[in-house]
Amino acid sequence: MPKQAEPEPVASDVIVGSHAFRRGVAEVRTGRSPRFDDEVLAQDGMQWAYEWGRQFALLAPPDLPLISPDEGTLNPKAVYLFNIYLQRGQLCR
């Protein structure tokens with residue numbers, strides 16, 4: 001079996017705010033099938049964040065927004081939960 005690429009160290013807020021992560025979350029929440037080979041995901045170089053977004057969507061409360069509706073900024077609760085899930089090993093690396 002081919003070895004998976006190791007992601008470079010990236011800050012959690014950058015991961016959660018990335019297009020790939022947000023798209024992974026949105027697609028799980030809307031019931032879409034995975035699109036791992038979509039070229040659009042490779043544009044920001046963080047296509048691995050797409051899979052983490054899909055995993056996060058299965059663990060996080062379904063009504064938890066990634067972007068705070070009042071401020072239009074990254075929801076700190078989403079970043080906090082992402083860090084908790086990552087530390088617990090609930091997100092596959």
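The values are calculated or read from the model by the stated rules, or taken from the named source; none is laboratory data. As the structure is a prediction and not an experimental result, all values here were calculated from the model. In this analysis, Cβ positions are derived from the backbone assuming ideal geometry, glycine residues included, and neighbour counts consider all displayed protein chains.
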Assuming residue 82 fulfils every condition listed in (1) within 13 Å of residue 14 (Cα to Cα); (2) at pLDDT below 85 apart from one, which condition is it? (2)
Looking at this structure, is residue 79 without any contact (Cβ under 8 Å) to a residue 60 or more places away in the chain and of a type in the set (Val, Ile, Thr)? no
Please indicate, with yes or no, whether at least one residue in the stretch 41-53 is crowded, with 17+ Cβ neighbours inside 10 Å, touching a residue at least 60 places away in the same chain (Cβ under 8 Å) and not in a helix (DSSP H, G or I). no
Limited to the stretch 54-93, what total is found for residues that are assigned to a loop (DSSP other than H, G, I, E, B), touching a strand residue (DSSP E or B) at 6+ places or on another chain (Cβ under 8 Å) and closer than 16 Å to residue 20 by Cβ? 1
Scan the stretch 76-84 and tell me whether some residue there is surrounded by fewer than 19 Cβ atoms within 10 Å (Cβ to Cβ) and touching a Ser or Thr at 6+ places or on another chain (Cβ under 6 Å). yes
Looking only at the stretch 22-40, which residues are surrounded by 14 or more Cβ atoms within 10 Å (Cβ to Cβ), free of Cβ contacts under 8 Å to residues at least 40 places away in the same chain and hydrophobic (A, V, I, L, M, F, W, C)? 26, 28
Scanning the stretch 16-40 for residues that are part of a helix (DSSP H, G or I) and hydrophobic (A, V, I, L, M, F, W, C), the one farthest from residue 64 (Cα to Cα) turns out to be 40
